[in-house]
Each structure stands twice: as C-alpha cells, then as structure tokens.
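The values are calculated or read from the model by the stated rules, or taken from the named source; none is laboratory data. This structure is a prediction, so every number in the text was calculated from the model and none was measured. Ideal geometry is used to build each Cβ from the backbone, glycine not excepted, and the neighbour counts take in all protein chains shown. These area figures cover heavy atoms from the full protein model, side chains too; ligands, DNA and RNA do not enter into them. Shrake-Rupley method; radii C 1.70, N 1.55, O 1.52, S 1.80 Å.
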Amino acid sequence: SNVTLNDCLKFAYTISNDLQIEGPAWIRNKEVRFDITAKTALDTPRAQMLLMLQRLLTERFQLVLHHEPKERSYLALSAGKKGLKIQSVPADTPNPGQTSVSGRIVSKRMPMPILVLLLSRFTGQPVVDMTGLEGFYEIHLEWTPESLTAGGGAESVAGAQSGPSVYTAVQEQLGLKLESRKGPLDILIVDHAEKTPTAN
C-alpha cells in the first residue's frame, strides 16, 4: 500500500538497497505511488510468491528489465569463524511482536533475505547475503546506531558507551560477519516501465 515501483521491485527481487536499481527517476518518486492487492494460497512458498509478484509487476507496468554487474561498494554478510549463534526455527513458528527499528532487530522467525534488507536499511549500504543459510531463524540483535556516536557531546559519549556497533553486534550476537567489500554487484536496470499500470 502506498509504495513506489522501486519499493515493489526491491521486495519482488529481494534487493536490499536503492543503489542496486537503476531506471527512470519516477520509479522512486514519492509522489508516484501505488496500491497493490494480490492473493496467494496460505502455503505458497516465499520463493514462488516472489516469482508471482515479479510476473504481476512485469504485466501491469509493461516492464522491460535486465541485470548488469557494476563495480560497487557493499557490505557482505557471511558466516563467522566462531560458529553460528542463532537457532533455526520451523516455517510455521508464530512471530508475535517483531521489532525492526534502528538499533534493534528482534524476530522469532526471520529468513536471511529479510535480515539483509533490514541491515541495508539501517546501515544505508547495499548488503549481500553470503551466509548460505536458508529457512528461518530466531533473531535478537541490538547495537548502538552511528547517529548516537557521531557529532560529539555528552549524549554522543553516553550513546557510544551503551552498546556495540552493528558490525560488532552481528558478530557477537548472531555469529555472522558484516564486512565492507568492493566488486561487481548485480544491478537491476529498468529499461522501460509504464507510469500508469493496467487495471485489474
């Protein structure tokens, strides 16, 4: 509801950051938003649901897309050397009260693509999943946002002492590693899209 085409593409193609999509300026213009209502069977696997959404977007917006590797800086999320510290859970595990705010991600059932998406949102950088982990995991991650440690002053000092950086927290609390890299990154390029989608 009330989303840009860019938002839809990020969700449909499991893309974590705006820097991984190129195309006409209007696709991320906050003044050009859409409501999309679609239904799937309750037991539809996530991967199949995303393929269905990709087809829906292609048909409604007359999308012409292609992928192209381009040199970019990004954060790689990979397995840590000291072993995984998160537990896998069944896909039907109830997930009441999920939290995803800057400095805190808590969920009883979260797949890696969603964790990557949230980490990208809070770090402001593309994050690439290199963990090889499939399925769902119980996640409890807390860190001190950089905004609290930057700028000086007593509040910044107090914030800096209240908790670890997101990089340290990912390693200590999840048993994963988040590190800066530079290299070819898959970019989704929108060659054509109709600004007015076809109706239902």
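List of remarks:
- Its convex hull of Cα atoms gives the stretch 1-136 a direction-averaged projected area, equal to a quarter of the hull surface, of 10.0 nm².
- Dividing the summed helix terms, -39500 (n - 2.57) for each DSSP H run of n ≥ 4, by the number of residues in the chain produces a 222 nm estimate of -7500 deg cm²/dmol to the nearest 500.
- Whole-percent carbon and sulfur share, accessible surface of the chain, 1.4 Å: 51 percent
- The chain - accessible surface per residue (Å², probe 1.4 Å): 58 Å²
- Centroid-to-centroid separation of the stretch 120-135 and the stretch 1-80 [C-alpha atoms, Å]: 15 Å
- Note on the stretch 88-138: Cα-Cα pairs beyond 15 Å make up 47% of the total pair count.
- Dipole of the chain, positive end: most advanced residue of VAL116, THR14, HIS67 [Cβ charges, Cα centre]: VAL116
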